[in-house]
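Report on the structure given below.
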Amino acid sequence: MGIILLLVAGTKVAISSTVRGIRNNNPGNIRDTKGDTWEGQTGTDGAFAIFYAPEFGLRALAKLLKNYERLHGINTVKGIISRYAPSNENNTAAYIASVSAALGIDPETTFSIEARLPELMQAIIKHENGQQPYSGELIATGIKMAEGFAYV
């Protein structure tokens, strides 16, 4: 069982976790891409990227989601989750329903990812890990770190 330190309202809080995404500081469970590494990526567990700190995993998730809209024109929950969590690996329909409910929108309703990014990230983190332990402040830090031109 790993111990994770989170900064919550300026205080370090220790949580234990065997949940892969939390343990890897990769709350979106972003797959490792051979040959390309994310900023702050320290390695892989054989399938998923491992990040130095949760802020870097949150940064990668924010950047990935922003790129879905910016580079691929994907701006519905159905489109995002179908690409993010394909049905050959996931129960994509349940994932879409979970994220749509969390955002309070129909799966096929278009929306601005940028405008709803914190909520979208929280919904994905919760679905991926069964929990969403990150403060709004930490998520905002990851989003701020994602600003810029680089794609990874």
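List of remarks:
- Counting lysine pairs in the chain that sit 8 or more residues apart in sequence, or on different chains, and whose Cα atoms lie under 20 Å apart gives 8.
- A simple rule links phi to the HN-Hα coupling: the Karplus curve 6.51 cos²θ - 1.76 cosθ + 1.60 with θ = phi - 60°, which for region 109-119 gives 7, 6, 8, 7, 4, 4, 5, 10, 4, x, 5 Hz, with x for Gly and Pro.
- Loop-located chymotrypsin sites (Phe, Trp or Tyr not before Pro) in region 50-152 (DSSP state other than H, G, I, E, B) with a sparse environment of at most 14 neighbouring Cβ atoms within 10 Å: 52, 149, 151.
- Percent accessible area from carbon and sulfur atoms, the chain, protein chains only, probe 1.4 Å: 54 percent
- Using alpha carbons only, the radius of gyration of region 35-136 set against its Kirkwood radius gives Rg/Rh = 0.95.
- Sites residue 36 and residue 97 - FRET efficiency at Förster radius 30 Å, r taken between beta-carbons, to 0.05: 0.45
- Under a model in which nothing but the beta-carbon of Lys, Arg (+1) and Asp, Glu (-1) is charged, the chain shows a dipole of about 140 debye around its Cα centre.
- Once backbone amide H atoms are built at 1.01 Å from N, residue 48 has 32 as its partners under 5 Å, excluding neighbours fewer than 5 places away on the same chain.
- Loop GluC sites (Glu not before Pro), region 23-115 (other Cβ atoms within 10 Å of the site Cβ: 10 or fewer; DSSP): 89
- Solvent exposure of the chain as accessible area per residue, Å², 1.4 Å probe: 50 Å²
The values are calculated or read from the model by the stated rules, or taken from the named source; none is laboratory data. All figures in this text were calculated on a predicted structure; none of them were measured in a lab. Every residue, glycine among them, receives a Cβ derived from its backbone with ideal geometry; neighbour counts consider all protein chains shown. Keep in mind that these areas ignore ligands, DNA and RNA; they rest on the heavy atoms of the full protein, side chains included. Shrake-Rupley method; radii C 1.70, N 1.55, O 1.52, S 1.80 Å.
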